Amino acid sequence: MHCPECGFGNPEGANYCQKCGAFLAGASPQDTTASYQLEDSAELHAVDPEASVTAGGTLVIRSGGGRSGESFALSAERMRVGRSPEAEVFLDDVTVSRNHAVLVWRRDGLYIDDLGSLNGSYVNRRRIESHMLQHGDELQIGKYKLTFLER
């Protein structure tokens with residue numbers, strides 16, 4: 001499958017171009033995210049992702065690594081994103097750098113800054129170095145797709 005933006009040859013079934021990050025029309029716009037909470041009885045209980053948004057915001061994994069629905073509260077001033085077990089947003093896959101990106105609160109909002117990762121960081125299908133996040137932004141870090149939700 002060739003990218004409509006840069007012409008790079010991508011594997012069949014890819015949703016984003018491996019070279020420029022352009023959307024390849026493989027995902028349905030009707031895709032939704034379901035969040036679940038593990039109850040004490042070891043049963044999964046469906047949770048509305050919008051209702052679970054914390055005051056600072058939340059990142060919800062939409063797809064990747066079999067972790068769809070997992071969420072991360074973004075209340076700390078600075079949070080690391082990466083494959084390192086010490087990262088606050090731990091994404092365990094070889095497509096994610098150990099120290100891939102950082103989420104930083106600044107005066108005007110929450111920013112994601114790429115830390116020179118090999119595969120790059122994408123917001124709304126565009127490769128970024130630094131980007132102020134807005135409600136509903138779609139992040140792609142390696143094979144993980146996440147949605148930023150805030151109140």
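The values are calculated or read from the model by the stated rules, or taken from the named source; none is laboratory data. Note that the structure is a prediction, hence the values are computed from the model and not measured. Cβ atoms come from the backbone with ideal geometry, glycine included; neighbour counts cover every protein chain shown. Just so you know, the surface numbers come from the protein's heavy atoms only, side chains and all, with ligands and any DNA or RNA stripped out. Shrake-Rupley method; radii C 1.70, N 1.55, O 1.52, S 1.80 Å.
Taking the condition of being open to solvent by less than 10 Å² (accessible area, probe 1.4 Å) and touching a residue at least 40 places away in the same chain (Cβ under 8 Å), how many residues in the stretch 59-73 meet it? Full working, then the answer.
To start, the set of residues in the stretch 59-73 that are open to solvent by less than 10 Å² (accessible area, probe 1.4 Å) comprises 59-61, 69.
Checking the rest, the ones that are also touching a residue at least 40 places away in the same chain (Cβ under 8 Å) come to 59-61.
Residues that pass the stated criteria total 3.
How many residues does the stretch 82-118 contain that are part of a loop (DSSP other than H, G, I, E, B) and farther than 20 Å from G66 by Cα? It would help to see each step written out before you state the result.
Initially, the stretch 82-118 is screened for residues part of a loop (DSSP other than H, G, I, E, B), giving 83-88, 91-100, 107-108, 115-118.
Remaining after also requiring farther than 20 Å from G66 by Cα: 86, 99, 107-108, 115-118.
Of the residues in that region, 8 qualify.
Considering the stretch 122-148 alone, what residues qualify as being free of Cβ contacts under 8 Å to residues at least 24 places away in the same chain and outside any loop (DSSP other than H, G, I, E, B)?
Residues satisfying the conditions are V123, I128, S130, H131.
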